[in-house]
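Novice: The following block contains the structure, expressed as structure tokens.
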Amino acid sequence: FSCNLSDLLYSFLGLLYQEYRDKSTREEIETRRLQDSQTDPEETSPSEETPSEAEPTSTIENKAPPQINLLRNSNSRFNLWQDLPEVQSSGVLSILQPDEIKLQEAMFELVTSEASYYKSLNLLVSHFMENERLKKILHQSEAHILFSNVLDVMAVSERFLLDLEQRVEENIVISDVCDIVYQHTVNHFSVYITYVSNQTYQERAYKQLLQDKPAFREVISLLELDPKCKGLSFSSFLILPFQRITRLKLLVQNILKKVEEKSDRESTALDAHKELETVVKACNEGVRKMSRTEQMISIQKKLEFKIKSVPIISHSRWLLKQGELQQMNGPKTSRTLRTKKLFREIYLFLFNDLLVICRQIPGDKYQVFDSAPRGLLRVEELEDQGQSLANVFILRLLENADDREASYMLKASSQSEMKRWMISLAPNRRTKFVSFTSRLVDCPQIQCVHPYVAQQPDELSLELADVLNILDKTDDGWIFGERLHDQERGWFPSSMGEEILNPKIRAQNLKECFRVHKSDDSQRRKLGSRNRQ
């Protein structure tokens with residue numbers, strides 16, 4: 001490039017990262033909606049092989065380079081690779097194949113989005129963290145919890161961006177970016193794990209400061225009103241690193257879907273994706289570990305054992321689900337039914353390796369009267385036997401606290417609550433639809449059009465444009481889904497998404513996912529290591 005790329009990026013990147021992210025995900029949703037409605041579902045049956053993106057589907061597509069309409073709003077000042085003056089004047093657009101142009105756009109988006117992210121990080125530091133009034137209000141320890149190691153994160157982003165810019169400046173046609181992603185993920189991205197693991201304390205400290213320090217609240221409000229922030233909240237800046245590391249993985253996935261199969265670039269993209277996935281998992285684990293430890297201590301304090309005491313707190317144990325169910329009382333005799341309540345409240349704490357069955361007692365306490373390892377639980381749904389037995393299922397403990405088999409007939413408050421308990425208690429039980437790992441060609445799918453924050457441990461938080469396989473659904477508006485890009489499972493309201501009706505698009509989504517997550521064979525690993533040497 002004849003001009004300095006940094007100046008070029010900043011000249012047309014008028015977006016803060018939050019704006020970029022929101023626009024790009026909404027564009028992704030609209031693109032998928034368009035694809036879903038354009039192709040006649042009758043054309044492709046679910047059992048047919050779906051053509052990859054590399055195969056042209058029409059003569060029009062062959063003739064004209066595709067316009068990747070990410071952030072097509074001209075007011076956003078976000079440009080595409082093919083819009084760069086140097087690219088326009090070079091004549092490469094008439095030489096390159098449409099698939100290579102798509103790949104160039106995918107790689108260029110990774111670079112420009114990093115520039116947008118760095119711009120937002122810079123604002124977090126210069127506008128908020130280094131504000132003199134804020135410095136005087138915050139104690140050093142408060143500032144440390146609030147901003148954590150954001151300076152390290154920003155330094156890593158700057159170094160990463162410089163290497164990406166240098167690569168783009170080498171040639172108008174970008175050779176690769178995933179090798180750079182790989183090197184930086186392995187050598188520098190551990191700063192993200194430190195930052196994200198502090199998130200629980202950060203959120204709590206922020207809420208506490210807003211509540212306890214009116215001066216802090218006032219300064220933050222004034223800073224948020226500054227035009228530089230474009231109406232975005234302080235908390236949206238604090239969460240940037242976690243959003244970025246997750247988004248970076250998706251951007252590499254997007255590149256991986258477009259590179260030639262069995263090529264050096266595919267090998268490099270797979271390696272970069274694998275390392276990013278490791279960092280994202282460590283970030284998630286860091287957040288969970290902080291909150292789980294506190295939660296386990298809190299539960300332990302509430303339990304009183306009627307049976308032999310079971311130690312609850314363990315580094316490898318966490319809560320999966322808790323809540324009240326109705327237990328059918330006594331032997332099923334007509335006298336019992338006439339003289340006693342048919343059902344009685346019990347309370348369950350289900351951990352990843354243990355079930356504890358209790359009754360609630362005064363003083364926000366729970367008396368434990370039975371328990372069993374989670375691996376020794378079985379569930380069975382009762383066929384509909386009238387209103388009184390609606391949403392009833394059998395829970396069988398193959399070995400309970402007394403080392404014997406025990407059965408409980410339990411009633412949930414709704415169909416969704418019953419299904420949620422049954423899936424949590426016996427996770428290997430067959431769901432209504434197939435799972436991602438079964439590798440079947442078709443499965444109901446949904447894309448997220450409204451973000452959702454999980455309210456319970458068995459729920460799944462959703463980001464805009466997430467695509468999920470539907471594993472189960474209930475009549476009262478809940479879906480049990482498996483997200484394609486990371487195979488995380490959980491429940492969410494069906495109103496958060498739109499079902500993908502076109503079997504061709506569903507098959508394409510699955511095919512792309514199998515490619516991203518295919519196991520690394522030894523030959524590919526050797527090729528990847530040779531490329532990096």
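Novice: Residues being within 30 Å of Asp271 (Cα to Cα) and either among the small types (Gly, Ala, Ser) or under 17 Å from the mean Cα position of the chain (by Cα) (or both): count how many of those fall in the range 488-509.
Specialist: 5
Novice: I would also like to ask the following. All but one of (1) modelled with pLDDT of 85 or more; (2) surrounded by 15 or more Cβ atoms within 10 Å (Cβ to Cβ); (3) in a helix (DSSP H, G or I); (4) of a type outside the set (Val, Ile, Thr) hold for Asn122, so report the exception by its number.
Specialist: Answer for Asn122: the failing condition is (2).
Novice: Then there is this: From (1) assigned to a helix (DSSP H, G or I); (2) open to solvent by 10 Å² or more (accessible area, probe 1.4 Å), pick out the condition that doesn't hold for Glu261.
Specialist: It is condition (1) that Glu261 fails.
Novice: Considering only residues that are among the hydroxyl-bearing types (Ser, Thr, Tyr) and modelled with pLDDT of 95 or more, look in the range 193-235 and name the one that is most open to solvent (accessible area, probe 1.4 Å).
Specialist: So the first thing to find is which residues in the range 193-235 are among the hydroxyl-bearing types (Ser, Thr, Tyr), and the list is 194-195, 197, 200-201, 206, 221, 233, 235.
Among the residues that remain, those that are also modelled with pLDDT of 95 or more are: 194-195, 206, 221, 233, 235.
Working: Thr194: 83, Tyr195: 8, Tyr206: 37, Ser221: 54, Ser233: 45, Ser235: 53 Å².
Checked the range 193-235; the qualifying residue most open to solvent (accessible area, probe 1.4 Å) is Thr194.
Novice: Additional query: Of all residues being at pLDDT 95 or above and of a type in the set (S, T, N, Q) in the range 142-182, which is farthest from Gln202 (Cα to Cα)? Just the residue, please.
Specialist: Ser175
Novice: Let me confirm something: among Leu210, Leu250, Leu223, Leu232, which residue is in the same structural domain as Cys283 (by the TED database) and not in a helix (DSSP H, G or I)?
Specialist: Of Leu210, Leu250, Leu223, Leu232, the one residue that is in the same structural domain as Cys283 (by the TED database) and not in a helix (DSSP H, G or I) is Leu232.
Novice: Same structure again: Looking only at residues that are more than 34 Å from the chain's Cα centre (by Cα) and at pLDDT 95 or above in the range 364-385, which one is surrounded by the most Cβ atoms within 10 Å (Cβ to Cβ)?
Specialist: Of everything passing the filter in the range 364-385, Val368 is surrounded by the most Cβ atoms within 10 Å (Cβ to Cβ).
Novice: Which is of a type in the set (Val, Ile, Thr), open to solvent by less than 20 Å² (accessible area, probe 1.4 Å), within 30 Å of Glu28 (Cα to Cα) and modelled with pLDDT of 95 or more, of Thr112, Thr185?
Specialist: Thr185
Novice: Does Ser175 satisfy being free of Cβ contacts under 8 Å to residues at least 12 places away in the same chain, within 26 Å of Val87 (Cβ to Cβ) and either within 27 Å of the chain's Cα centre (by Cα) or assigned to a loop (DSSP other than H, G, I, E, B) (or both)?
Specialist: Details: free of Cβ contacts under 8 Å to residues at least 12 places away in the same chain: yes; within 26 Å of Val87 (Cβ to Cβ): yes; either within 27 Å of the chain's Cα centre (by Cα) or assigned to a loop (DSSP other than H, G, I, E, B) (or both): yes.
The answer is yes for Ser175.
Novice: For residues that are within 25 Å of Gln38 (Cβ to Cβ) and not in a loop (DSSP other than H, G, I, E, B), scanning just the range 483-494, find the one that is least open to solvent (accessible area, probe 1.4 Å).
Specialist: Checking each candidate, the answer is Arg483.
Novice: In the range 267-293, which residues are in contact (Cβ under 8 Å) with a residue 40 or more places away in the chain and among the charged types (D, E, K, R)?
Specialist: Across the range 267-293, the qualifying residues are Asp271, Lys274, Glu275, Glu277, Lys289.
The values are calculated or read from the model by the stated rules, or taken from the named source; none is laboratory data. Bear in mind the structure is a predicted one, so any value in this text is a computation, not a measurement. Because the Cβ atoms are built from the backbone with ideal geometry, glycine has one as well, and the counts that use them run over all protein chains shown. Remember, those area values only see protein heavy atoms, side chains included, never the ligands or the DNA or RNA. Shrake-Rupley method; radii C 1.70, N 1.55, O 1.52, S 1.80 Å.
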